[in-house]
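J.: This structure is in structure tokens; I'll ask about it shortly.
The values are calculated or read from the model by the stated rules, or taken from the named source; none is laboratory data. Given the structure is predicted, the values throughout are model-derived calculations rather than measurements. Ideal geometry is used to build each Cβ from the backbone, glycine not excepted, and the neighbour counts take in all protein chains shown. These accessible areas exclude ligands, DNA and RNA; they are computed on the full protein's heavy atoms, side chains included. Shrake-Rupley method; radii C 1.70, N 1.55, O 1.52, S 1.80 Å.
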Amino acid sequence: MAEKKTSKNKSRQERISGWEWLKGKNKEIDAYCQEYMSFMSEVKTEREAVDYVKKVIGAYKGIEYLENRGKAIALWKKGKAGLKEGIRIVVAHIDSPRLDLKVNPLYEDTDIAMLKTHYYGGIKKYQWLARPLAMHGRIAKEDGSVVDVVIGERDSEPCFTIEDLLPHLAQKVQYNKKVSDAFEGERLNIIVGSRPDTGAKENKVKKAVLDLLKRNYNIEEEDFVSADLEIVPSGPAREIGLDSSMIGAYGHDDRSCAWAAVKALIDAKGLPFTSVVLLVDKEEIGSEGNTGAKSRFLEEAVWDIGEKLGSDIIPSRVLFRSLAISADVNGALDPDYPEVHEKTNAARLGYGICVTKFTGSRGKSGSSEARAEYMAWIRSILNKRNIPWQTGELGKIDEGGGGTVAKYLAEYGMEIVDMGPALLSMHAPFEIASKVDLYSTYLAYRAFMEEK
Ligand code: MN
Ligand code: MN
């Protein structure tokens, strides 16, 4: 690096791009992103994320884990200091916006068999119409057995879709309405068949679909009641641009941070404190439930670590003394809609990991704000290691807003700050991330684990 560190950080207004910052590191950036793309192409649900991560860490000594019902997981690596001095936590969520099947999903209309859905998280409904979709999930049978399905990802198998109205007839029911009214949740029905069982008396197509489900997956209609079936965009992660500088994928929010945290934990050496990577579910619907960040799973994990290390600890006291990163994405300055951002404080694609001091909306409501002293320490480790970073506030004041899991962990009294890459098309079926931001995110989480 020829430039002086000070010139890069002279002023947030005179930021330089992450590509300039990491000039000469293209090989490392691409190697990291190749692995990330494999992860993103295979993993579309929280369950799949937990399974994949378990498989990956199995190859490394020194990383242990505690799993929460297949949908959340805490990974950890021992540090030099005792647990009583606190731990380092990187928390990310592994659920993404999607369409869940209703518990009674299957019906037939107009000689087409369809599955009813209830959307999960903040989606723009029209983005899910007329595109290839896949079904991922688990069906639990009464006898205790489970059937895991992934249908619609391979070229050799069929996919699913939701139909959309032809433009010729869309005037009244779509074009003349507000976008929020034009697309209704009850119309997000998945097409699953149209070939009738010619021997049946009624509901011939539904009957044929049920026969197929029985034959191919041993699933009865009532089994939908005890299932977690998620409809997600079909297809792998792809490089974007003539220069392949970006990655398009479903679920960068927040599996880009989850992957960076896992890789950082694997590669981190000489840890001063025990480091924990906590991957949680249900963030997109408010961190609810027994697998979300509001559950007491983190406490349980700290108990477990204490037991394994033979350390007599009280989890709440350990957590009070801990430092954390709420590893989540932010929105990048949108070139097509710049008016929703306040440019001086908006994160930019390609400018490194985004450190977000506070989130929330309408007067920081719902935010867990990082205090000045903690921001200073975070800044110091990023600058010390010459890691591309920027700050970002999600949109203009009163334009909207959002929150993360930070406030739920802050309840324990730990220091916590939001940090992750800034995305374009956030929450869309195909989100855009910059390779240099993804790599910077990994470097930053690793620095957080390794620095005193
Ligand atoms: Mn998120
Ligand atoms: Mn989100």
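J.: To check you understand DSSP bridge types, tell me what percent of the beta bridges within the chain (both residues inside) are antiparallel, rounded to 5.
T.: Counting DSSP beta bridges with both partners in the chain, the antiparallel share is about 70 percent.
J.: Also, quick follow-up: Treating cross-link reach as a plain straight distance, find the aspartates and glutamates whose alpha-carbon is under 13 Å from the alpha-carbon of K269, omitting any fewer than eight places away in the same chain.
T.: E450, E451
J.: If you roll a 1.4 angstrom probe over the protein chains with everything in place, what fraction of the accessible area of region 250-332 belongs to carbon and sulfur, to the nearest %?
T.: On region 250-332, the fraction of accessible area on carbon and sulfur atoms equals 50 percent.
J.: What do you get for the angle between helix 26-42 and the principal long axis of the chain? Use alpha-carbon atoms, 0 to 90 degrees, nearest ten.
T.: The angle comes out near 30 degrees.
J.: At 1.4 Å probe size, what's the solvent-accessible area of V56? Round to the nearest 10 Å².
T.: For V56, solvent-accessible area is about 40 Å².
J.: For helix 372-384, report the angle its Cα long axis makes with the longest principal axis of the Cα atoms of the chain; keep it between 0 and 90° and round to the nearest 10°.
T.: Tilt of helix 372-384: around 90 degrees.
J.: Could you run the Debye sum over the Cα atoms of region 101-255, one equal point scatterer each and no solvent, and tell me log10 of I(q)/I(0) at q = 0.10, 0.12, 0.14 Å⁻¹, two decimals?
T.: Treating every Cα as an identical point scatterer, log10 I(q)/I(0) equals -0.44, -0.63, -0.83.
J.: Quick one: how many Å² of C354 are accessible to a 1.4 Å probe, rounded to 10?
T.: 0 Å²
J.: Further, regarding this structure: Once ligands and nucleic acids are excluded and a 1.4 Å probe is used, how much of M426 is accessible, expressed in Å² to the nearest 10?
T.: 70 Å²
J.: Another question, if that's okay. Of G137, P233, Y217, which is farthest along the charge dipole of region 98-233 in the positive direction, counting Lys and Arg as +1 and Asp and Glu as -1 at C-beta?
T.: Final value for the positive-end residue is P233.
J.: Return the aspartates and glutamates within reach of K141: Cα separation strictly under 18 angstrom, same-chain partners fewer than 8 residues apart disregarded; answer none if there are no such residues.
T.: Those aspartates and glutamates meeting the cut-off are D211, E220, E221, E222, D223, D228, E230.
J.: Still on this structure, I have one more. Rounded to a whole number, what is D in µm²/s for the chain from Stokes-Einstein with the Kirkwood radius over alpha-carbon pairs (4 °C, 1.567 mPa s)?
T.: Values: Rh = 23.2 Å.
Stokes-Einstein gives a translational diffusion coefficient of 56 µm²/s.
J.: In the neighborhood of E399, defined by Cβ-to-Cβ distances under 11 Å, what is the net charge if each Lys or Arg adds +1 and each Asp or Glu adds -1?
T.: Within the 11 Å Cβ shell, the charges total -2.
J.: Right, next: Before rounding to the nearest 500, sum -39500 (n - 2.57) across all DSSP H runs of length at least 4 in the chain and divide by the residue total; then give [θ] at 222 nm in deg cm²/dmol.
T.: The helix contribution divided over the chain gives -8000 deg cm²/dmol.
J.: Per residue, how large is the accessible surface of region 98-233? Use a 1.4 angstrom probe and give square angstrom.
T.: For region 98-233, the per-residue accessible area is 60 Å².
J.: In the structure displayed, which of K54/K263; K102/K172; K116/K178; K77/K263; K124/K177; K102/K178 lie more than 18 Å apart, Cα to Cα?
T.: Those over the limit are K102/K172; K116/K178; K102/K178.
J.: So how strong a dipole does the chain carry about its Cα centre when Lys and Arg Cβ are +1 and Asp and Glu Cβ are -1, to the nearest 20 debye?
T.: Details: 65 positive and 69 negative charges, 357 e Å.
Charge dipole of the chain: 1720 debye, to the nearest 20.
J.: Once the other residues with Cβ under 15 Å from the Cβ of G241 are scored (Lys, Arg +1; Asp, Glu -1), what is the net sum?
T.: Local net charge: -3.
J.: Under 16 Å from the Cα of K384, which lysines turn up, not counting those fewer than eight places away in the same chain?
T.: Qualifying lysines at Cα under 16 Å: K4, K5, K8, K10, K452.
J.: Sticking with this structure for a sec: Can you tell me the dipole magnitude for region 98-233 around its Cα centre, using point charges on the Cβ only (Lys, Arg +1; Asp, Glu -1), in Debye to the nearest 20?
T.: 560 debye
J.: Right, another one. Whose amide H sits under 5 Å from the amide H of L333, counting only residues 5 or more places off or on another chain, with H placed in the peptide plane?
T.: A347, R348, L349
J.: In Å², what does the accessible area per residue of region 28-97 work out to with a 1.4 Å probe?
T.: Ligands and nucleic acids excluded, the figure is 40 Å² per residue.
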